[in-house]
Structure formats: structure tokens, C-alpha cells
1. For segment 5-45, enumerate the residues that are under 23 Å from Tyr58 (Cα atoms), among the β-branched types (Val, Ile, Thr) and either surrounded by 14 or more Cβ atoms within 10 Å (Cβ to Cβ) or modelled with pLDDT under 95 (or both).
2. Going by what's in this entry, would Ile2 be described as surrounded by 13 or more Cβ atoms within 10 Å (Cβ to Cβ), modelled with pLDDT of 80 or more and part of a helix (DSSP H, G or I)?
Amino acid sequence: MIKNEWQLKITKSRITEFESALNKLTEATAHSKSLRVKMQADALGSDIQTMRAEVAEYEKLKRGCWRALNSDHPCSLNFDQGRMPVF
């Protein structure tokens, strides 16, 4: 969970780094059928998704949407069948 602006800045930076690493991995192994490579790419993608969700949650809370996190309010986090929030 992101608790302040410094953590937000670091998390956004890490998202960029992870996306770059994922792109390089995908390009370098475009024709690879290695399970290890697929697992690495899936792990990076999952980490990116988690960090994006944390950024979105922090930004919603910062905008004053904290009361609506579990409601049908427009500020609420939308969950797709128990998976990560969809933004």
C-alpha cells in the first residue's frame, strides 16, 4: 500500500522499469517456448498490475474517494470476479 507521495513516485518509477524489462524480455525471447521465460514474463506482468492497482488506489484516496471504496459510488474500486481492480 502506498502511503505518501515519495512512495507514489518510487512506485511509478518501478512500473516504468518493470515495463521496460518486460518489453526487453519479450523482444529477446519472442520465439522461445521456454516455460522459465514465460514464468518470468508472467511474474513481471503480475507485479506491474499490482503496482498499477496500488497507484490507482492511492490516487483515488488522495482525491477524497475514501468513503466509497466498497460501494457503487463512481470513486469505488471495481472488482472483476474477485480479481485485481479494473480501472
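1. Listed by number, the residues that qualify are Thr11, Ile15.
2. Criteria not met by Ile2.
The values are calculated or read from the model by the stated rules, or taken from the named source; none is laboratory data. Just so we're clear, the structure is a prediction, and the values are computed from it rather than from any experiment. Virtual Cβ from ideal backbone geometry, glycine too; neighbours counted across all protein chains shown.
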